[in-house]
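Take a look at the structure set out below.
The values are calculated or read from the model by the stated rules, or taken from the named source; none is laboratory data. Note that the structure is a prediction, hence the values are computed from the model and not measured. Note that each Cβ is placed from the backbone with ideal geometry, even for glycine, and that neighbours are counted across all protein chains shown.
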Amino acid sequence: MRSPAPKCQYVSYRWQQRLVEYHRFDNLLAVSRYLLCKIWPKSRFSRIGDCLATMFIDGETIDDLLRKSIELVFADGCSIRPSKGPASELIGLSMKLQNPRARFSRTETRATLFSALGETLWYLSGSDEFDIIEYYIPSYRSHCNTPRDVQRSEAAYGPRLINQLQFVKSQITKPDTRKAVISIYRVEDHANLYDVPCTCTLQFFPRSGVLHAMGQMRSNDLYMGMAHDIFAFTFFQELLARSANLEVGAYYHQVGSLHLYEKDREKAARYLSSGIADTIPMSDMPPGDPDRGLQWLLSTECAIRGSQPLPSTISVDPYWRDLAGILALKALIARGTIEEMSAVRSAMSSDSFKTFITDEIARHEARKAEPGA
């Protein structure tokens, strides 16, 4: 006698509706599975594991992907109890970000530009030191279940990424290559004491003068992690595209376990109800090899974080100076004045960050006005 099916094992009619709404029948396999779910709702094709594998979410901006993903988890997520606490999970989602430059959230509740940029530069520096990333994400070490006396992250992406960038740069000069892959997760991670990478691979596809990219993740924290991951991976995509004189194509994000922890559920609901300030994507990275500008930005980040003299801005493209301005604003929030913060906003060459800076200044003023501040 067969045991009763666990909760969420079978696809509901509401889920079948979402297959139509989000996937839009992008391929024949999805159509076939959808019809089988409709005709034989108790068949093996109606199990969540089969139908979720065809789920496809499409969006112009990171906020489009975040909103659709949260709505799906609220509606159809299955309860799980992993080591980091109870959560709701969807298995086997694929997403497409049409405009990879629309990579940071414009909402008040998920405006994570400081931490997303800081984490991206931590990766690109090749460092595995907790002290650097905790300047931007103070809870990083505790989220990795790592004791305070451990100074280096055993799951850090930076050392793994840097060692493979040159290979990928050489591969993407070959049209239609399928070998431009960065492996983040390694077999050695099975022996890690505290943490393992959430990302398995990053792959890059030069096609007809355009560079597409895809991140494949074993696990993705929907509320806290996904926005940071997509920011970093699309930034890598644009860096590589510029190094090979290619245009930036679409970004694809594939996730094994997309989950929302119960502790973040209320915050995710507030995010859905919050307004989007604007939809201006980040400016285009300047043409040509970006290495000089990137190395200047990494040096500037180190100087700002350590309160040291800043490198010269002579001959530095405004794109990189604007990113340095965001890093400077992060420091000014802790120890600067409203006038200095306003000067950062005035110095921006692009409108991409001005709304974000205006909102940060307003929040800073509100905090200073609180009793006891």
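Of all residues in region 114-137, how many are of a type in the set (V, I, T) and not in a helix (DSSP H, G or I)? Full working, then the answer.
Of the residues in region 114-137, the ones of a type in the set (V, I, T) are 120, 132-133, 137.
Among the residues that remain, those that are also not in a helix (DSSP H, G or I) are: 137.
Adding up the residues that qualify gives 1.
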- Only unsatisfied item for S350, checking (1) under 25 Å from I280 (Cα atoms); (2) assigned to a helix (DSSP H, G or I); (3) under 24 Å from the mean Cα position of the chain (by Cα), is (2)
- Item | Unmet requirement for G336, which otherwise passes all of (1) surrounded by 15 or more Cβ atoms within 10 Å (Cβ to Cβ); (2) touching a residue at least 12 places away in the same chain (Cβ under 8 Å); (3) over 24 Å from R103 (Cα atoms) | (2)
- Residues of region 147-161 being more than 18 Å from I184 (Cβ to Cβ) and surrounded by 12 or more Cβ atoms within 10 Å (Cβ to Cβ), which ones? V150
- Query: Within region 84-97, is there a residue that is part of a helix (DSSP H, G or I), touching a Lys or Arg at 6+ places or on another chain (Cβ under 9 Å), surrounded by fewer than 22 Cβ atoms within 10 Å (Cβ to Cβ) and modelled with pLDDT under 95?
  - Reply: no
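Any chance you could count how many residues in region 305-323 are loosely packed, with under 15 Cβ neighbours inside 10 Å and part of a helix (DSSP H, G or I)?
The first filter runs over region 305-323 and keeps only residues loosely packed, with under 15 Cβ neighbours inside 10 Å, leaving 306-310, 312-315.
Remaining after also requiring part of a helix (DSSP H, G or I): none.
The total comes to 0.
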- Query: Right, R106: modelled with pLDDT of 95 or more and either more than 17 Å from A269 (Cβ to Cβ) or not hydroxyl-bearing (S, T, Y) (or both) or not?
  - Reply: no
- Task: Restricting attention to region 227-259, report how many residues are more than 17 Å from M282 (Cα to Cα) and surrounded by fewer than 23 Cβ atoms within 10 Å (Cβ to Cβ).
- Result: 8
